[in-house]
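Structure record follows, encoded as structure tokens.
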Amino acid sequence: YLKISKLALAFAIIHSKPPGKSSKEYTEHLAKTLSEQDFGWKWKVEVLEAEVLRLRQELLLNRICPRFCLENSTSAETLLNQESINPTNYSSQLEDSGCDVSNDSAFDSLGIASDFHQSEHNVKVPPLNLCHSSKEQSLTAPVQFLQHLLEIRKLSEGGILQADFSELENDSFTICNSVSQLLDGLTVFYNSPKFPVSNFLTEAVCVLVSLITDTKLSNHVLKKCFKKLEEFKKNLIQIILRNSSVNRFQALHSVSETLILLGRNNILRNSLISLLLSEVRQFAEQLLQAHQVQSVYDITQYENIFPLCMILEKLLQNKTEESNVSSSDYEGEEKIKFLKNLDQIILHLSDEFPLFSLFLWRVNVLLNSAQMQ
């Protein structure tokens, strides 16, 4: 039936082609016309889906806190002034979250404040009113929605608003889609970063980290979006390993900073440590094999493995310093695989690759010291 249909279509195209055009040219013209029509319908569907999500976001916010209005009538700034609380200067966006975009010296190459840990206790996020590039446009809706969630959370904690965050359990679609859009947008940026990074993208990262470090919201987000967050971490790790551009180190540093910030959440940190242990172990074994048979190894991947080693060391240091967290949290299959034959690997690589061997040794010490605690 399929062959007959194709043959009938071919005859129809041949008989209906206009004079002066070959059958091939006419077929290509018809295919292009249909493709444009499909693109038009897809674009309309995407616009409608975005509008549906926006309405669901507004509805969910209203269910969580009916007093919180997205319009001008009862904004967070108005509520803060009514309660005689020292108002935040919203012109310096996210100043209280440790992300003061008005102070360039407070930012690294990505624009994330080096003392971001203050944001866990000081989250005040005003609605955005910025002009965005096409790459940033897809991030606008999820960033604003998640900002409003954080704002309600902060105001409810201070007793200014009454909020029912159990509503997040009843609408997993909205929270999942919003976080997924944010992660997808950040992944697109990290795959082809442009510097200097705009304030909006900096705020997007800050909103994500604030969300997963907030004690009340993080559980809802992790339950609904854990797989997506895991995929996001894996993508960032692969972006570091695969990047082969000449001037890549600023971009690699940006991705590394984001991974370290994601590691502020204990659950994400445990899985991130396992992912990093696996990648570093596999590379060490490949490098040892190449060294033993005197074959060529990938120098670019060798250079890119060091950011992963530094992230791993930083996360393990933070883990060890937290006395209230059991060291057994990240013990498991990957840790056992990493420590197996590690001494022999370090011994064989130390002469030819001293810096990499040093990193392996330091990670080994951190893992063993945590185990002894």
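The values are calculated or read from the model by the stated rules, or taken from the named source; none is laboratory data. Because the structure is a prediction, the values reported are computed rather than measured. All Cβ positions, glycine included, derive from the backbone under ideal geometry; neighbour counts span all protein chains shown. Side chains included, ligands, DNA and RNA excluded: accessible areas come from the protein's heavy atoms. Shrake-Rupley method; radii C 1.70, N 1.55, O 1.52, S 1.80 Å.
Checked against the criterion of being open to solvent by less than 70 Å² (accessible area, probe 1.4 Å) and closer than 25 Å to residue 146 by Cβ, the candidates 252, 261, 241, 316 yield just one match: 261. Quick check: is even one residue across region 288-295 open to solvent by 70 Å² or more (accessible area, probe 1.4 Å), hydroxyl-bearing (Ser, Thr, Tyr) and farther than 20 Å from residue 204 by Cα? No; the residues of region 288-295 include none that is open to solvent by 70 Å² or more (accessible area, probe 1.4 Å), hydroxyl-bearing (Ser, Thr, Tyr) and farther than 20 Å from residue 204 by Cα. Go through region 342-358 and report how many residues are in a helix (DSSP H, G or I) and open to solvent by 20 Å² or more (accessible area, probe 1.4 Å). Summing the residues that are in a helix (DSSP H, G or I) and open to solvent by 20 Å² or more (accessible area, probe 1.4 Å) in region 342-358 gives 8. Of all the listed residues (234, 227, 216), the sole one being without any contact (Cβ under 8 Å) to a residue 40 or more places away in the chain, of a type in the set (D, E, K, R) and out of contact with any strand residue (DSSP E or B) (no Cβ under 6 Å at 6 or more places or on another chain) is 227. Each residue in region 154-165 was checked for being at positive phi and either surrounded by 13 or more Cβ atoms within 10 Å (Cβ to Cβ) or of a type in the set (A, V, I, L, M, F, W, C) (or both), and 0 of them qualify.
For region 8-29, what are the residues that are assigned to a helix (DSSP H, G or I) and either among the polar types (S, T, N, Q) or open to solvent by less than 100 Å² (accessible area, probe 1.4 Å) (or both)? 8, 10, 12, 13, 14, 16, 23, 25, 26, 27, 29 - these are the residues of region 8-29 that are assigned to a helix (DSSP H, G or I) and either among the polar types (S, T, N, Q) or open to solvent by less than 100 Å² (accessible area, probe 1.4 Å) (or both).
Yes/no per residue for (1) within 26 Å of residue 171 (Cα to Cα); (2) in the same structural domain as residue 158 (by the TED database); (3) hydroxyl-bearing (Ser, Thr, Tyr); (4) modelled with pLDDT of 50 or more:
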| residue | (1), (2), (3), (4) |
| --- | --- |
| 32 | no, no, no, yes |
| 59 | yes, no, no, yes |
| 66 | yes, no, no, yes |
| 74 | yes, no, yes, no |
| 77 | no, no, no, no |
| 80 | no, no, no, no |
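This table checks each residue for (1) modelled with pLDDT of 90 or more; (2) over 30 Å from residue 247 (Cα atoms); (3) of a type in the set (Asp, Glu).
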residue: 109; (1), (2), (3): no, no, no
residue: 117; (1), (2), (3): no, no, no
residue: 120; (1), (2), (3): no, yes, yes
residue: 143; (1), (2), (3): yes, no, no
residue: 149; (1), (2), (3): yes, yes, no
residue: 163; (1), (2), (3): no, yes, no
residue: 169; (1), (2), (3): no, yes, yes
residue: 172; (1), (2), (3): no, yes, no
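For residue 215, state whether it is modelled with pLDDT under 90 and surrounded by fewer than 21 Cβ atoms within 10 Å (Cβ to Cβ). The answer is yes for residue 215. The residues of region 166-179 that are open to solvent by 10 Å² or more (accessible area, probe 1.4 Å) and not small (Gly, Ala, Ser), listed by number, are 167, 169, 170, 171, 173, 176, 177. Within region 359-370, if we keep just the residues that are under 17 Å from residue 306 (Cα atoms) and either in contact (Cβ under 8 Å) with a residue 40 or more places away in the chain or not in a helix (DSSP H, G or I) (or both), the residue that is most open to solvent (accessible area, probe 1.4 Å) turns out to be 362.
In the same structural domain as residue 229 (by the TED database), under 27 Å from the mean Cα position of the chain (by Cα), closer than 26 Å to residue 212 by Cβ and modelled with pLDDT of 90 or more: does that describe residue 278? In short, no.
Look at region 264-273 and say how many of its residues are open to solvent by 10 Å² or more (accessible area, probe 1.4 Å) and closer than 19 Å to residue 238 by Cβ. Looking only at that region, the number is 1.
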